[in-house]
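As structure tokens, the structure follows; a few thoughts come after it.
Any read-out appearing in this document is the output of simple, stated calculations on the displayed coordinates, not a laboratory observation. Everything quoted here is computed from the prediction, not taken from an experiment. No Cβ is skipped: glycine too gets one built from the backbone with ideal geometry, and neighbour counts run over all protein chains shown.
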Ligand SMILES: Cc1ncc(C[n+]2csc(CCOP(=O)(O)OP(=O)(O)O)c2C)c(N)n1
Ligand code: SF4
Ligand code: SF4
Ligand code: SF4
Ligand SMILES: [Mg+2]
């Protein structure tokens, strides 16, 4: 396995201070490893990757990796990524956002980017909470959970990112977890090459701001929970519906091949050029 | 990749990068690793038991642990393997 | 080049908004991201029609003005010359990203066709209420270039200027028009691109290993390669060091912010454009901009016919405020009149630079109607 870490180190910016700023056991770091392995496995040159990040702990991963990295403002990463992709359709434009960034403040941009089916690879690091700002609830915080702004329990229902993205019209919609790393690597690779808007919702533990306050004793406990709760979509679908409670399906939910926005745009321009 | 035979690997942990989150310790199927509380990082206490499953290396959120086949070195052969620095 | 000189400059009958489109295309704009809003939509519609027919032009209608500016910033990082246009409500939505563009030093042109406000205000009426917002709208200390245009021909030329400044100084440039300027239709000349000075952002001349994206340079403007050209670096709205990495070290923070100010402020002589009309011997001065400057021009002519020594400074650059020119006028004239379609936004600047040699009068109008030459003339006669 030695090549795994060695390879990751080839992609890290060694003029940046390590260890990175994330808390011990934060799942965001695992996703960064997965992303690096996936880009490498596909042989995509570093120069061809634009990594656009939102604001939050999730957004902080971008600075550590030697791609063209853009740390945008809160909720707007997809808008900046849209500009890059339309201006340079040959680039692999990857977006890393938190659950709050993607679907609380950035929800409008998210549904429209999915609807446009623009060729972005979007990795939403869902830790069910606003990690960076100290544990306030997000649109993904589950019903009943404690957060600093739902001290009596969350009363609002949370978004199902997968169903939301499917409904908005994206080509590729998937979910993985940072515990199931090999599946995650596979999903990220698929998302990277899939034309059109490609989502990987990545379930990732934030023990510091979420777990601790919601009956998880340690970061490890959260990974134990992910290990138990997540199951392949195919198996989940075969489950008796009343046995589904508490289980989280992972895998590929939508796998369409409609032309991406940039492809349609190029076709229109070609037609115009002919007169 | 997976070598079911034990004792074929050497484990290197970068003490400066490891945050002692305990993830590798908890999930190592061969109970190779422990947290060294005094040093504040993980430590391979039963290296010979390692089955080279790769879990620790793939899951370490801080890229702080490397599993190297014995005999080979981390850098591909020219330098001696780095000692577990704790 | 001369072989290309097949066509000549064209004369067209155009709206101010259409002149902006012509100017943008001449300047090399190849990306427009926008959201419709009166009275700026004609700019967007013009770009929607024209850009896809240009060599590599991209037009995209985004879901709101935040997204529009976000897309422009992304495309600017990717090496494009970019533009968006909006009006008050959209301009307010864009403020956070204007600061981001300042911080990451992304060249872009933002046209705000001002209408009556606050809020939804008077959608189809002219106003000049966003002047100070253009200067100070985003949070935090920053320097920025704000331009205006008087008539339709000017819309074309100031748009070209806006692109040139954006590229030369790596900064967002805000072009403030008003409803009257944007919706006036008149005959203009569209020059050939080769007859214009068209500037492009500086490209790095060093190998990627040596490149520092936010390095201190003599001009204060670091070179800016497009994403994907081999110069991989980090871009962030966090205060950053010259590598682009976030920093909180006081010396690095001060260096970064000071350079962002200095790169614009030290070139005030290049950036501050004013059009002076009969100011040499003026005893009563007028300082105006946008469509109001047109009324003021006529008023000054009429005053001269009546034997009053009046003169006008038409501000094409609003910020950095053309202090030297205005101070000169204040020193020469006993009265300086500042007519504007707001409650007094540029008059604050005029009063600020007044060495005490002149009385500053204001004419303010916020009823959605233009300030007429007659109104200004009356004031000149009293002045
Ligand atoms: C416009 C704006 N509003 C609020 C904030 C403060 N803020 C920073 S990160 C964040 C939430 C981050 O949560 P999430 O996107 O889930 O990322 P995480 O930290 O959990 O990875 C907030 C509210 C901000 N930076 N900008
Ligand atoms: S607060 Fe949560 S999301 Fe942020 S670094 Fe810590 S564990 Fe990760
Ligand atoms: S997973 Fe990594 S950071 Fe956590 S204890 Fe193991 S080596 Fe240290
Ligand atoms: S590779 Fe790591 S997790 Fe697997 S047995 Fe060896 S030490 Fe344990
Ligand atoms: Mg979160």
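Taking beta carbons within 10 Å but only from partner chains, what does the mean come to for residues A:110-116?
2
Restricting to chain C, what percent of DSSP beta bridges are antiparallel, rounded to 5?
Within chain C, antiparallel bridges account for around 30 percent of the total.
Any idea what Rg and Dmax come out to for region B:9-69 if you just take the C-alpha atoms, in Å?
Every Cα atom of region B:9-69 included, Rg and Dmax give 10.0, 28 Å.
Averaged over its residues, how many other protein chain Cβ atoms are within 10 Å of peptide C:223-229's Cβ atoms?
Per-residue shielding by partner chains comes out at 5.
Normalized C-alpha radius of gyration of the protein assembly as shown, against 2.2 N^0.38 Å?
For the protein assembly as shown, the normalised Cα radius of gyration comes out at 1.09.
No solvent, one uniform scatterer per C-alpha: report log10 I(q)/I(0) for region C:9-195 via the Debye equation at q = 0.09, 0.14, 0.18, 0.19 1/Å, two decimals.
Per q value, in the given order, log10 I(q)/I(0) is -0.26, -0.66, -1.15, -1.29.
Under 8 Å for C-alpha pairs, at least 6 residues apart: give me the relative contact order for chain C, rounded to a whole percent.
This gives 16 percent for chain C.
Using the number of other C-beta atoms within 10 angstrom as an exposure proxy, rank A:40, A:109 with the fewest first.
The fewest-first ordering by Cβ neighbours comes to A:40, A:109.
What is the calculated FRET efficiency for residue C:352 to residue A:15, with r their C-beta to C-beta distance and R₀ = 45 Å, to the nearest 0.05?
0.50
Roughly how many nanometres apart are two label points built 7 Å out from the Cα toward the Cβ at residue A:268 and residue C:248?
Taking the two extended label points, one gets 4.6 nm.
Contact order normalised by length for region C:9-195, with contacts defined as Cα pairs under 8 Å and 6 or more residues apart; what percent is it?
Relative contact order of region C:9-195: 31 percent.
Can you compute the FRET efficiency between residue C:331 and residue C:219 using 1/(1 + (r/R0)^6), with r the Cβ-Cβ distance and R0 = 41 Å? Round to the nearest 0.05.
0.85
Pairs of alpha-carbon atoms within less than 8 angstrom and 6+ residues apart define the contacts here; what relative contact order does region C:276-382 have, in percent?
Relative contact order comes out at 33 percent.
So what's the back-of-envelope 222 nm ellipticity for chain C, counting only DSSP H runs of four-plus at -39500 (n - 2.57) apiece and dividing by all residues, rounded to 500?
It comes out at -11000 deg cm²/dmol, rounded to the nearest 500.
Shielding by partners for A:217-226, please: the mean number of other protein chain Cβ atoms within 10 Å of each residue's Cβ.
3
So between residue C:192 and residue C:119, what do we pick up on full extension, going 0.36 nm a residue minus the alpha carbon distance?
Extending this stretch completely gives an extra 22.3 nm.
What's the extension gain from residue C:185 to residue C:258 if we count 0.36 nm per residue and subtract their Cα-Cα distance?
Contour length minus Cα-Cα distance gives 22.0 nm.
In nm, to one decimal, how far is the residue C:359 label point from the residue C:270 one, both placed 7 Å along Cα→Cβ?
Each label point lies 7 Å from its Cα, and together they span 4.2 nm.
Let me understand chain C better: what is its radius of gyration from the alpha carbons, and its Dmax, in angstrom?
Just the Cα atoms of chain C yield Rg and Dmax of 20.9, 68 Å.
Please say if region C:290-383 is rounded, prolate or oblate, where rounded means a/c under 1.5 for a ≥ b ≥ c the square roots of the C-alpha gyration tensor eigenvalues, and otherwise the choice is prolate for a/b larger than b/c and oblate otherwise?
Cα axes put region C:290-383 in the oblate bin.
Against the longest alpha carbon principal axis of chain C, how many degrees, from 0 to 90 and to the nearest 10, is the axis of helix C:41-50 turned?
50
What is the distance in Å between the Cα centres of region C:84-117 and region C:180-228?
18
Would you mind getting me the FRET efficiency between residue A:163 and residue A:240? Use the beta-carbon distance for r and R0 = 30 Å, nearest 0.05.
After rounding, the FRET efficiency stands at 0.90.
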